[in-house]
Amino acid sequence: MKRAALDREAGYRLLGELAGPRTVEGTLAGLDRLAPGFADWIVTALFGGTYQRDGLALRDRQIATLAALTALGGVEPQLDDHVRNSLRIGVEPAEIVEVMVHLAPYVGVPKALAGLRVAAAAFDELGVGPAETDGASPGTGSGPGTAEDGGREGGAA
């Protein structure tokens, strides 16, 4: 393993690869106007530091990030970004769904469902989705755990 280091340029390159130029140019500029220097610190420390470490492939880091953000809850904008980032680097929609489902016994069904709702919204907007779906978004519309079935099938969690 290489020693920990912060590489600002590598951080911005990686963020561009993961999130695309819109995030690098737009979102970071908006954050910098609100909290000068904070966006640069995030990119340098996170994408130029933590993400540059040996030991996990980028794909694995993204899956770990999806799990962590889902477990935290209340960070839907960041989770949405990382769902999109994961798709951009080749993580399949069905894999993202399975991450959320796998988390349910560890972090609770409500947090897993919230993660699934974020993923479903991103999938819908991007026109992608898991291979086997009935078209219903998790926790909305029809299907298990919704008002349509009286909240049964785990909907009370």
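The values are calculated or read from the model by the stated rules, or taken from the named source; none is laboratory data. Predicted model, so just to flag it, every value in this text is computed and none were measured. Quick reminder, even Gly has a Cβ in these numbers, built from the backbone with ideal geometry, and neighbours come from all protein chains shown.
Structure notes:
- Among the candidates 83, 75, the residue that is surrounded by 15 or more Cβ atoms within 10 Å (Cβ to Cβ) and without any contact (Cβ under 8 Å) to a residue 24 or more places away in the chain is uniquely 75.
- Tabulated pairs, segment 3-31, first on the phi < 0 side of the Ramachandran plot and assigned to a loop (DSSP other than H, G, I, E, B), second surrounded by fewer than 15 Cβ atoms within 10 Å (Cβ to Cβ) and of a type in the set (A, V, I, L, M, F, W, C), C-beta under 7 angstrom, 6+ apart or interchain: 6/45
- Flag for residue 144 being modelled with pLDDT under 50 and either of a type in the set (Lys, Arg) or assigned to a loop (DSSP other than H, G, I, E, B) (or both): yes
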